[in-house]
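Asks: Sharing a structure with you now.
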Amino acid sequence: MVFRTAPVRLIDDVRRRRGREVIPITVVVPTLNRRDRLEETLDALRRQTYPLFEVVVVNGPSTDGTAEMVKGFASRARVLTCPEASATVSRNIGVQNGAGDIIALIDDDAIPRPDWLEQLAAPFGDERVGAVGGPVFDVPLDRVEWKVCTSTRLGVVDTDSPGPIGRYQGVGSDPFAYFAGCNMALRRSVVHEVGGFNAAMPYVYDDAEFCCRLHDAGYRVEYVESALVRHYRAVSAMRDGQQIITDPYTLALGRIVFASHCQSSPDKREEVFRLAGQWEQEWVAHASAHVASGRFSRKDYHRFVERAALGTAEGVTRGRRPRPFTTIGPPPLAEFRQYR
């Protein structure tokens, strides 16, 4: 005789009450030193109208009391830890431990609409759909900044490309459609198939690189305009409170890793490494413009240029290595915990 665990019975009970197939969803929230913003995000998720979802928080090496704060959510969310300051590795940990068939990603400084999961879940009725995303309202800029997002395989992005999104899909598409990591949902089996998120980059470009692999694996993506989140773009290691990039290390590194791992031939990868020096000089020009405007001191300038050089060098080193493959095992259904 096979005894089903309580979480599995819960999933079956929700489906029976609804009289239709309801896909269990895992919401993954990577976090690092954003205690107050994270608490607002977790409170907002309690207002979701979707009937069957869990929340997995992955806390990096936070030092601001995040670990103590999330203890208050321990009865409704699962809290995991990541030893690295890496949103990418945290996302992989969340996916690996997520029990839902769909993985929804949101940042620790973003607030979703109450029907966010309802909107994201609908297109997954089509088995060809591997990812779904929606627009992102940039609170500091007071406008929707991310709509139909596209990127070339050299990392030139456009967050307001002319639709429809079907123009930017298919194996080898360039540019291709991608979704912002603070508002995307993925079929868990597809994350397994493409090897998770690219752990060679701490964050930035990891969402686009994942979508590139998804296209090349033959899956479709769907943009849902009503699945909106508000993104507060909190201060981070690379930007200040005025949204000015103060440390380009991760951006420089991420673009090179992204571009090299998205290429289909050794010759194209070598082209990326030749372009890396040009991209570094663009960061130098960026710093010079900030000096001219009075935003940067000479000390700021020299630190910025040094960090751009370090990020470029590390990006080339990592880009020459094979793309890391993260194994995503079977969903741990016995761990599913309804979030309320």
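Throughout, read-outs are computed from the coordinates displayed, never taken from laboratory work. Since the structure is predicted, the reported quantities are computational estimates derived from the model, not experimental observations. With ideal geometry, Cβ positions are generated from the backbone for all residues, glycine too; neighbour counts draw on all protein chains shown.
Residues are listed down the side, and each one gets a yes or a no for (1) of a type in the set (Val, Ile, Thr); (2) over 19 Å from Tyr339 (Cα atoms):
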{"residue": "Val79", "(1), (2)": "yes, no"}
{"residue": "Val89", "(1), (2)": "yes, yes"}
{"residue": "Asn92", "(1), (2)": "no, yes"}
{"residue": "Ile102", "(1), (2)": "yes, no"}
{"residue": "Leu105", "(1), (2)": "no, no"}
{"residue": "Pro112", "(1), (2)": "no, no"}
{"residue": "Trp116", "(1), (2)": "no, no"}
{"residue": "Leu120", "(1), (2)": "no, no"}
{"residue": "Gly125", "(1), (2)": "no, yes"}
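Asks: In the stretch 281-337, what count of residues is obtained for those that are under 21 Å from Leu251 (Cβ atoms), of a type in the set (Ser, Thr, Tyr) and under 25 Å from the mean Cα position of the chain (by Cα)?
Replies: 2
Asks: Separate question: Taking the stretch 254-268, which residues are over 17 Å from Val156 (Cβ atoms) and either in a helix (DSSP H, G or I) or touching a helix residue (DSSP H, G or I) at 6+ places or on another chain (Cβ under 8 Å) (or both)?
Replies: Across the stretch 254-268, the qualifying residues are Pro266, Asp267.
Asks: Turning to a different aspect of this structure: Being assigned to a loop (DSSP other than H, G, I, E, B) and either more than 23 Å from the chain's Cα centre (by Cα) or of a type in the set (A, V, I, L, M) (or both): is that true of Arg340 here?
Replies: Judged against the criteria, Arg340 is a match.
Asks: Take the stretch 42-66 and flag every residue that is more than 25 Å from Thr250 (Cα to Cα) and assigned to a helix (DSSP H, G or I).
Replies: If the condition is that a residue be more than 25 Å from Thr250 (Cα to Cα) and assigned to a helix (DSSP H, G or I), then Leu42, Asp43, Ala44, Leu45 are the ones that fit.
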